[in-house]
Amino acid sequence: MGYNPDKPMEDRITDIGPPHFEQFYPAVVKENKGKWLYHEITQPGVMVHVSESGAECWTVRVGAARLISIELIREMCDIADAHCDGCLRFTTRNNVEFMVDSKDKVQPLIDDLESRGNKFPVGGTGTCISNCVHTQGWIHCHTPATDASGVVKAVMDELFDYFGSMTLPAKIKLALACCLNMCGAVHCSDIAILGVHRKPPMIDHDAISGLCELPLAIASCPLGAVKPAKATNSEGEEIKSVKVNAERCMFCGNCYTMCPAMPLADPDGDGIAILVGGKVSNTRSNPTFSKMVIPFLPNTPPRWPETVDAIKNIVEVYAKDANEYERIGEWCERIGWEMFFEKTGIPFTMKSIDDYRLAYDTWRTTTNFKFTSHC
Amino acid sequence: MPKHDTPLLDELEKGPWPSFVTDIKRQAETKPECWDILGQLEVSFVDKITHWKHGGIVGVFGYGGGIVGRYSDMPKQFPGVAHFHTVRLNQPSSKFYNTAKLRAICDLWEKYGSGMTNMHGSTGDLVLLGTTTENLEPLFYDLTHDLKQDLGGSGSNLRTPACCLGTARCEYSCYDTASLCHHLTMHYQDEIHRPAFPYKFKFKMSGCPNDCVASIARSDFSVIGTWKDDIRIDQAEVAKYISGDNKPNGGAKSNASAFDMERDVLALCPTGCMRMKGDELQIDNKNCTRCMHCLNMMPKACRPGLVKGASILCGAKAPILDGAQMATLTIPFIEINPDNDYEAVIDVIEEIWDWWMTVGKNRERVGETIQRVGLPTFIKVLGLDPIPQHVKIPRENPYVFWTSDEVPGGFDRDVREFRKKHAQ
């Protein structure tokens, strides 16, 4: 039995969808679904949810790299088999949650997790720095402007104590996207690490005819910087190709997405921008986009010290200055962005003044401002 | 034994956070192609640039999504990753698993792939990283026959829907997000597997306005649980927060100051709809926008009301190309009813798709189409009445697009008649 390459369509099964979630619920979840009364975080990484029936679901949350091996997943399974009747779940932020149905099962579970070196850090709850969601980076993507797993490892090492504690004014959601496509949707994060390109695409006139639909490449540019042009390939033949008006290029990389003959990645051109103050919850203030406060930091593998230091600085100034329960964006709004730059010592540059579409909405049109060292 | 020297990556084996480098090395002991993952990544760390080629169309027969082609641009040096395609498995709703299922997936990936995964990808899929073109069909056969599960979406189709954990383990959730997510996933298998849209389309479901799956920021069709009636208050528990017997914010802050109702709750309420009258917490529910702050601060004392449903918001996306968009409130309250197979939600989805598949341009997210044609057009398409909830503020400019039939006498006029009374 099994796949028969001579008859690929034989016994073919399609469109059956994912397995039904209910078969994977721990018993306490299945029995109390929809009946939960309240929850409490009893220590960093440990939550109890209490049902109307009096039943309790204790959850131990551990951070994980997003990139993990089946060997590690099997080890997670060993833990879940030993403590959780074979059930576990993953969160949207790449954490793993082990659930048990009574308090006395929590400490043995934590002891087991902690006995396995640094593989299963307990934390990621409450007013902590969350696990950093991220994209693929150099390990698996064709358009990145920076690495993902490496930068995240360096940043999380430095901020590790904040993952396993709950002493910040409010939670900080940290995210990395390795290019402007933002597969990781970092645009609404408290602190976003964003890979950026800074050199316009090159044009491979030898490859463009075979690889690209020229009208699609031209239409891909939101600023009309890609135009049709005649060019000469390495054989000396005149071919139909494109040219790029570099002054108009905003380095979004959309042309490369549409046309593989227009690569723009570059060791010196590429690096990282830092954006802050976004959030998605509707709590107190409305959901907000993150704002670019540092337009460029270089790619410095293996540990990206400039990026790590910049983030640590923002976290520490925020931790000292913000009110309780105030997210980074709410803090910036309250004190004013001029005070954000003043207090963090981050240089304000022309790059933080929007000059793309709808930019006017972000310019200050009031006499209400604070005097800082800037003026 | 390591196949390549990786001095830069070895630096990332140090430090307290789990090391993906250590993990890949461990996997390489049984899946030697993992040495080539590390080898090529080390070159990227030296060169500060990726070494993956652009795209490559691969897939399983009959599907237009679920597999993403990937090829190394250094295949001679790193033959183990010459082909290194991604397989997206549609995750179970809310990402609950049992170990039997996970071990079966691990065994499948040991047989056909590199052994490396993402748990999970940003959209929600369980992502298997790195296999060859010839392994795709046998993998798909085993996946559907033995594991009885399926691929997720990629390309210009319905992407794998995702949800928060909902009523399964959360007291805030106003509807069963997992059931709706699963139902829509099963209902739209064709749309997930066979790209027929102008561009990608994402469903995300959150049980309450805390929006733990960030649906408002990243989904074309965001379903966020809400309630219509009064917040349920347990005054005895309110008293325990005031006396310090209950931990504020569900214990989320270990160094929280002693609870202060005025400072921590009333003053932070964005609508100012709460007050203390003696020992009693009073909420003017008519003026509440259900932001969740008081529920988050006092989970034992405040609960969502009982008339529950969801708000539908449309058109969120990340910045490429015209800038990021938040989802726009489209339907303030919709019934989430499993007994009629979520008829109300499905009706809205189909209206949007019928319209967007006709007017949407190539690679235009529905939020961009709505921007291009205007929110009034979108509201009309859905057959909705305009309501103040659709806007933050009314129009500030005077440029109304009146139509001929809205003005007495219409647009056709005779300029000669006009001139009889008004000399040039």
So B:Ala327 fits all but one of (1) open to solvent by 20 Å² or more (accessible area, probe 1.4 Å); (2) within 12 Å of chain A (Cβ to nearest Cβ); what number is the exception?
(1)
Can you tell me which residue in region B:253-309 is farthest from B:Gly225 (Cα to Cα), limited to those that are part of a strand (DSSP E or B) and within 13 Å of chain A (Cβ to nearest Cβ)?
B:Met274
If a residue has to be within 12 Å of chain A (Cβ to nearest Cβ), open to solvent by 20 Å² or more (accessible area, probe 1.4 Å), in contact with a strand residue (DSSP E or B) (Cβ under 9 Å, 6 or more places away or on another chain) and not in a loop (DSSP other than H, G, I, E, B) to count, how many in region B:236-252 make the cut?
2
Test: residue in region B:75-82 that is under 24 Å from the mean Cα position of the chain (by Cα), within 10 Å of chain A (Cβ to nearest Cβ) and open to solvent by less than 10 Å² (accessible area, probe 1.4 Å)
no
Being within 24 Å of B:Arg70 (Cα to Cα) and in contact with a strand residue (DSSP E or B) (Cβ under 8 Å, 6 or more places away or on another chain) is true for just one of A:Cys178, A:Cys128. Which residue is that?
A:Cys178
Residues of region A:79-90 being in contact with a strand residue (DSSP E or B) (Cβ under 8 Å, 6 or more places away or on another chain) and either part of a helix (DSSP H, G or I) or more than 7 Å from every other protein chain (Cβ to nearest Cβ) (or both), which ones?
A:Ile79, A:Ala80, A:His83, A:Cys84
List the number of the failed condition for B:Leu41; all other conditions in (1) of a type in the set (A, V, I, L, M); (2) crowded, with 22+ Cβ neighbours inside 10 Å; (3) more than 7 Å from every other protein chain (Cβ to nearest Cβ); (4) assigned to a helix (DSSP H, G or I) hold.
(3)
Does A:Thr167 meet the test of being more than 7 Å from every other protein chain (Cβ to nearest Cβ) and open to solvent by 10 Å² or more (accessible area, probe 1.4 Å)?
no
Quick one: A:Pro215 ticks every box in (1) within 11 Å of chain B (Cβ to nearest Cβ); (2) over 19 Å from B:Pro16 (Cβ atoms); (3) in contact with a helix residue (DSSP H, G or I) (Cβ under 8 Å, 6 or more places away or on another chain); (4) in a helix (DSSP H, G or I) bar one, so which box is it?
(3)
Would you confirm whether or not region B:344-354 contains a residue that is over 27 Å from A:Ala185 (Cβ atoms) and open to solvent by less than 100 Å² (accessible area, probe 1.4 Å)?
yes
Kindly indicate whether any position in region A:116-123 is more than 22 Å from A:Trp304 (Cα to Cα), in contact (Cβ under 8 Å) with a residue 60 or more places away in the chain, outside any loop (DSSP other than H, G, I, E, B) and open to solvent by 10 Å² or more (accessible area, probe 1.4 Å).
yes
For region A:4-54, which positions are within 7 Å of chain B (Cβ to nearest Cβ), touching a residue at least 60 places away in the same chain (Cβ under 8 Å) and not in a loop (DSSP other than H, G, I, E, B)?
A:Phe24, A:Val29, A:Ile41
Condition first: touching a helix residue (DSSP H, G or I) at 6+ places or on another chain (Cβ under 9 Å), farther than 30 Å from A:Cys183 by Cβ and hydrophobic (A, V, I, L, M, F, W, C). Now tell me which residues in region B:234-257 satisfy that.
B:Val238, B:Ile242, B:Ala256
Taking the condition modelled with pLDDT of 95 or more, under 18 Å from B:Ala214 (Cβ atoms) and out of contact with any Cys (no Cβ under 9 Å at 6 or more places or on another chain), does B:Ile312 pass?
yes
Just the residues that are assigned to a loop (DSSP other than H, G, I, E, B) and within 7 Å of chain B (Cβ to nearest Cβ), please, taken from region A:170-192.
A:Leu180, A:Asn181, A:Met182, A:Cys183, A:Gly184, A:Ala185
Filter region B:44-67 down to the residues that are of a type in the set (A, V, I, L, M) and touching an Asp or Glu at 6+ places or on another chain (Cβ under 9 Å), then identify the one that is most open to solvent (accessible area, probe 1.4 Å).
B:Ile49
Among the candidates B:Arg88, B:Arg70, which residue alone is under 19 Å from B:Glu137 (Cα atoms), touching a Cys at 6+ places or on another chain (Cβ under 9 Å) and either open to solvent by 40 Å² or more (accessible area, probe 1.4 Å) or within 11 Å of chain A (Cβ to nearest Cβ) (or both)?
B:Arg70
Every residue from region B:132-185 that is surrounded by fewer than 23 Cβ atoms within 10 Å (Cβ to Cβ), among the hydroxyl-bearing types (Ser, Thr, Tyr) and more than 9 Å from chain A (Cβ to nearest Cβ)
B:Thr132, B:Thr133, B:Ser156
Considering A:Met76, A:Met1, A:Met99, which residue is modelled with pLDDT under 95 and either more than 7 Å from chain B (Cβ to nearest Cβ) or open to solvent by less than 10 Å² (accessible area, probe 1.4 Å) (or both)?
A:Met1
In region B:6-30, anything more than 7 Å from every other protein chain (Cβ to nearest Cβ) and either among the small types (Gly, Ala, Ser) or not in a loop (DSSP other than H, G, I, E, B) (or both) is listed as B:Pro7, B:Asp10, B:Val21, B:Thr22, B:Lys25, B:Ala28
Helices (runs of 4 or more DSSP H) contained in region B:313-424 and holding at least 2 residues within 30 Å of A:Asp354 (Cβ to Cβ)
B:343-359, B:366-373, B:375-381
Residue list for region B:86-101, restricted to those being outside any loop (DSSP other than H, G, I, E, B), more than 16 Å from A:Arg74 (Cα to Cα) and not basic (Lys, Arg):
B:Thr86, B:Val87, B:Leu89, B:Ser93, B:Ser94
Would you pick out the residues in region B:395-407 that are under 34 Å from the mean Cα position of the chain (by Cα) and either acidic (Asp, Glu) or open to solvent by less than 100 Å² (accessible area, probe 1.4 Å) (or both)?
B:Glu396, B:Asn397
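The values are calculated or read from the model by the stated rules, or taken from the named source; none is laboratory data. All values reported here derive from a predicted model rather than from experimental measurement. All Cβ positions, glycine included, derive from the backbone under ideal geometry; neighbour counts span all protein chains shown. SASA here: full protein model, heavy atoms, side chains in, ligands and nucleic acids out. Shrake-Rupley method; radii C 1.70, N 1.55, O 1.52, S 1.80 Å.
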